[in-house]
């Protein structure tokens, strides 16, 4: 369903299990960044009314996810760690050329968001199936469904606002590029790395 061309190595879960505190902090920051992305799309493209309405709802949902993850951190007696650079996101952004029309910029941002949500969904599925901590596994199962819905929403908007054939080609090229990026990741205690 997600179209990802290189699945996460299941051994990544072993890294996660040894670093739950770091993963939860990284995950919390991912949720905060997702909310910020939605706000940024509203600010940058307010004339797209349907998108704006969906982004308002998404901001609320992502901030609620941030709170849920933060609560998990506090329940375990930890504090939220500092935000760190996301090597995955840095690499994915290199795929998109600078400039272009407003529509092209919008489509690129939507595709970028769709891909991040797709990879998050895939990682959450893996955590929900493989984590020994059953309470945390169930937590990730519930979040996985949201990520899948976000992925399809962003990809749907990209197809709606851009030329469908061009968007589908760019999406396929992005998936191929992302698979190459993923070959060097999956070795760290982060959601995407």
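Where a number appears in this text, it was derived from the coordinates with a stated rule and is not lab data. This is a predicted model, so every value here is computed, not measured. Cβ placement follows ideal geometry from the backbone for every residue including glycine, while neighbour counts extend to all protein chains displayed.
In angstrom, the C-alpha Rg and Dmax of region 50-165 are 16.3, 50.
Spatial offset of region 12-71 relative to region 116-184 amounts to 13 Å, using the alpha carbon center of each.
Per residue, the average separation of C-alpha pairs within less than 8 Å and at least 6 apart gives region 1-99 a relative contact order of 32 percent.
Over the alpha-carbon set of region 1-64, divide Rg by the Kirkwood Rh and report the Rg/Rh ratio to two decimals. Value, to two decimals: 1.13. Note: relative contact order over region 13-182, using C-alpha pairs below 8 Å and six or more positions apart, is 22 percent. Between 81, 99, 162, find the one with the highest GNM mean-square fluctuation for the chain; connect C-alpha pairs within less than 10 Å. Maximum fluctuation in the GNM of the chain, among the listed residues, is at 99.
Rank the residues 144, 55 as a footprinting-exposure proxy: fewest other Cβ atoms within 10 Å of their Cβ go first.
Final ranking by Cβ density, sparse to dense: 144, 55.
Helix content alone sets the calculated 222 nm mean residue ellipticity of the chain: runs of n ≥ 4 DSSP H residues at -39500 (n - 2.57) each, divided across all residues, give -25500 deg cm²/dmol. For the residues 165, 183, 142, a GNM of the chain with alpha-carbon springs under 10 Å puts the largest fluctuation on 165.
Is region 28-99 rounded, prolate or oblate when judged by the Cα gyration tensor, a ≥ b ≥ c being the square roots of its eigenvalues, rounded requiring a/c under 1.5 and prolate requiring a/b larger than b/c? Oblate shape, in that a/c is at least 1.5 and b/c is the bigger or equal ratio. Mean-square fluctuations from a GNM of the chain, with a 10 angstrom spring cutoff on Cα atoms, peak among 74, 175, 115 at 74.
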